[in-house]
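One structure is given below, encoded as structure tokens.
The values are calculated or read from the model by the stated rules, or taken from the named source; none is laboratory data. Here the structure is a predicted model, which is why all the values come from computation and not from measurement. When we count neighbours, we look across all protein chains shown, and the Cβ atoms used for this are built from the backbone with ideal geometry, even at glycine.
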Amino acid sequence: MQFGVFSVSDVTEDPTTGKTVSEAERIKSMVAIALKAEEVGLDVFATGEHHNPPFVASSPTTMLGFIAAQTSKLILSTSTTLITTNDPVKIAEDFAMLQHLADGRVDLMMGRGNTGPVYPWFGQDIRNGIALAVENYALLRRLWREDVVDWEGKFRTPLQGFTATPRPLDGVPPFVWHGSIRSPEIAEQAAYYGDGFFHNNIFWPVTHTKQMIDLYRRRFEHYGHGAADQAIVGLGGQVFMRKNSQDAVREFRPYFDNAPVYGHGPSLEDFTRETPLTVGSPQEVIERTLSFREHFGDYQRQLFLIDHAGLPLKTVLEQLDILGEEVIPVLRKEFAALKPAHVPDAPTHESLKTAAARARDLETL
Amino acid sequence: MTERVIAVVTAGLTTPSSSRLLADQLATAVHDELAARGQTSRTEVIEVRDYAHDLTNNLLTGFPSAALEKALTTVANADALIVVSPTFSASYSGLFKMFFDVLDDKALAGKPVLLGATGGTERHSLVLDFALRPLFAYLKAMPVPTGVYAASTDWGPNAATLRPRITQAATELVATLHHDTPVKPDPYANPTPFEDLLNS
């Protein structure tokens, strides 16, 4: 089981002080959070991708490359990489480059992006979101797996005799997750390729999330990648912790009430009940997170959102300390004890490299 | 014969509201008309006011509360729908519209709908045909030709002229209920196979 944090990279006023950090401060904060994540024993740092204020993360591989240089174990990932508005050629190149620089500590999560105005800025139309995700990802896979690609599709200039460089590290493309909150087509896509499926598990009730994950698992088995309970599932989650539950609620409430997306809407109590948001003691976070397994089955990756809505860096780093000291060690032990032997871990560069070598050996036999 | 389920969506704000009053009379007329044809029916009333916070929250968060989801499902699964909105600023009320904004935009396709509206004066009566009817046309519902508008005077001196309009509209709605409500495909149970997505 992998544990980590994912950031949406919002620059939001701290509602308790009225202070808004600069873009420079926010960018450096994200780096500090990633470095701290490795220090406290987390496995993954993932950054979102946005091309509009109030977000700063427009250039994920630049940030992840910078973090890679200062870490040694952390897996660098995305949440998400826009497969709709990015050129798949550039994604192939950027992430292969990052693989080489990070010695393989790289995977990525495909997402469509739900901000309508962004699409036309990149020459696209949100109404083609699914079709773009399907076609662009099919091309991306070929660019990583075939040295020379001839290709023609609906959304991009044709390619003749094209080689994406650098080639993936050790000839092994980065592992891909597909993130989607509610589109069955994306769960189907992840299942078809035997890729991972990630549900952000923040904005929707468990019943909806379960619907998506069950679909992915069922179709993963249908397409012959293994049994449904061997499919590779990742989940998000959102937590805020203090030693005493009441202190956590008191401190987090102004951030919740004014947060982008759901602020000025449901009460903290409503949202905590209806979604996986957990505000309370470390023990409450442990129990809630373990309950995900009961809803969705054994899963491979758990990412927490901890750094949004104007929370100061100091507070976020304290959250990481609590995660690293009190929450993750317990969760690792509990999840490991519950997981049956036939359920795989999330693929890594090393495991994929070994699997590819074994497949080559089998071919030569 | 199976029991018909008639969902009623009414967006009055006071208790009692004239919208609820009209909605109840329409529902009773539909029930009686079905009974006259030997059909049993059940009425499910949704007072939109009860979901005012949930509707705002749904717009902001993108998902309905459990209670609102139940109401939306009731409407989506009903055999027919009766809707009543008060007239606010020459249209249906904002609260009324919010309910249909968060309802899946395919949920009403092919569904018979009886349009109702209330207002202080008869001069707003075209709200039925200039505001409600286009909304339900967009949602691909099937509003029956007669809508029922009730002004304040319809609850007093003009009550006798309101009754025939209610009966006429109810008769039209029931006349459309001769076939079974089509079962909508569940995209989570039966997703489009990926090869079809790749080749489309």
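For the reader, a short list of remarks on this structure follows.
- Which numbered condition B:Leu13 misses (of (1) assigned to a helix (DSSP H, G or I); (2) among the aliphatic types (A, V, I, L, M); (3) over 16 Å from the mean Cα position of the chain (by Cα)): (1)
- Whether a residue is at pLDDT 95 or above and either hydrophobic (A, V, I, L, M, F, W, C) or in contact with a helix residue (DSSP H, G or I) (Cβ under 9 Å, 6 or more places away or on another chain) (or both) was assessed, and A:Thr275 does not pass this test.
- Residue in the range A:125-135 that is surrounded by the fewest Cβ atoms within 10 Å (Cβ to Cβ), counting only those that are more than 12 Å from B:Leu198 (Cβ to Cβ) and within 14 Å of chain B (Cβ to nearest Cβ): A:Arg127
- Screening A:Gly194 with (1) crowded, with 17+ Cβ neighbours inside 10 Å; (2) touching a Phe, Trp or Tyr at 6+ places or on another chain (Cβ under 8 Å) gives one miss only, at (1).
- Any hit, the range A:315-324, residues being in contact with a strand residue (DSSP E or B) (Cβ under 6 Å, 6 or more places away or on another chain), on the phi < 0 side of the Ramachandran plot and either in a helix (DSSP H, G or I) or buried (at least 17 other Cβ atoms within 10 Å of the Cβ) (or both): yes
- Residue in the range B:160-167 that is more than 15 Å from the chain's Cα centre (by Cα), surrounded by fewer than 12 Cβ atoms within 10 Å (Cβ to Cβ) and either on the phi > 0 side of the Ramachandran plot or among the small types (Gly, Ala, Ser) (or both) present: yes
- Only one of the numbered conditions (1) touching a helix residue (DSSP H, G or I) at 6+ places or on another chain (Cβ under 9 Å); (2) buried (at least 22 other Cβ atoms within 10 Å of the Cβ) is not met by A:Gly234, and that is (1).
- Here A:Leu140, A:Leu101 are screened, and the one residue that is farther than 15 Å from A:Val176 by Cβ and of a type in the set (A, V, I, L, M, F, W, C) is A:Leu101.
- Residue match in the range A:104-124 (condition: within 14 Å of chain B (Cβ to nearest Cβ), among the charged types (D, E, K, R) and under 24 Å from A:Gly236 (Cα atoms)): yes
- Just one residue in the set A:Phe66, A:Phe55 is farther than 22 Å from A:Pro347 by Cβ and touching a strand residue (DSSP E or B) at 6+ places or on another chain (Cβ under 7 Å); that residue is A:Phe55.
- Residue in the range A:82-104 that is surrounded by fewer than 17 Cβ atoms within 10 Å (Cβ to Cβ) and among the polar types (S, T, N, Q) present: no
- Subset of the range A:284-309 (residues that are in contact with a helix residue (DSSP H, G or I) (Cβ under 8 Å, 6 or more places away or on another chain), of a type in the set (S, T, N, Q) and surrounded by fewer than 22 Cβ atoms within 10 Å (Cβ to Cβ)): none
- Test for A:Thr354: is it of a type in the set (S, T, N, Q), in a helix (DSSP H, G or I) and within 26 Å of B:Thr56 (Cβ to Cβ): no
- When the residues of the range A:325-351 are filtered to those that are among the small types (Gly, Ala, Ser) and not in a helix (DSSP H, G or I), the one that is nearest to A:Val249 (Cα to Cα) is A:Ala346.
- Residue satisfying all of: in the range A:174-232; among the hydroxyl-bearing types (Ser, Thr, Tyr) and at the interface with chain B (Cβ under 10 Å from one of its Cβ atoms); farthest from the chain's Cα centre (by Cα) among these: A:Tyr223
- Looking only at residues in the range A:137-157 that are over 16 Å from A:Ala96 (Cβ atoms) and free of Cβ contacts under 8 Å to residues at least 60 places away in the same chain, the one that is nearest to the other protein chains (Cβ to nearest Cβ) is A:Ala138.
- Yes/no for A:Ala32 being of a type in the set (A, V, I, L, M), within 17 Å of A:Phe304 (Cα to Cα) and part of a helix (DSSP H, G or I): yes
- Residue list for the range B:172-194, filter: surrounded by 16 or more Cβ atoms within 10 Å (Cβ to Cβ), more than 14 Å from every other protein chain (Cβ to nearest Cβ) and either at pLDDT below 80 or outside any loop (DSSP other than H, G, I, E, B) (or both): B:Glu172, B:Leu173, B:Val174, B:Thr181
- Residues that are touching a Gly at 6+ places or on another chain (Cβ under 8 Å) and acidic (Asp, Glu), drawn from the range B:30-52: B:Glu47
- Scanning the range A:271-283 for residues that are crowded, with 16+ Cβ neighbours inside 10 Å and either within 14 Å of another protein chain (Cβ to nearest Cβ) or aromatic (Phe, Trp, Tyr) (or both) returns A:Phe271, A:Thr272, A:Glu274, A:Thr275, A:Pro276, A:Leu277.
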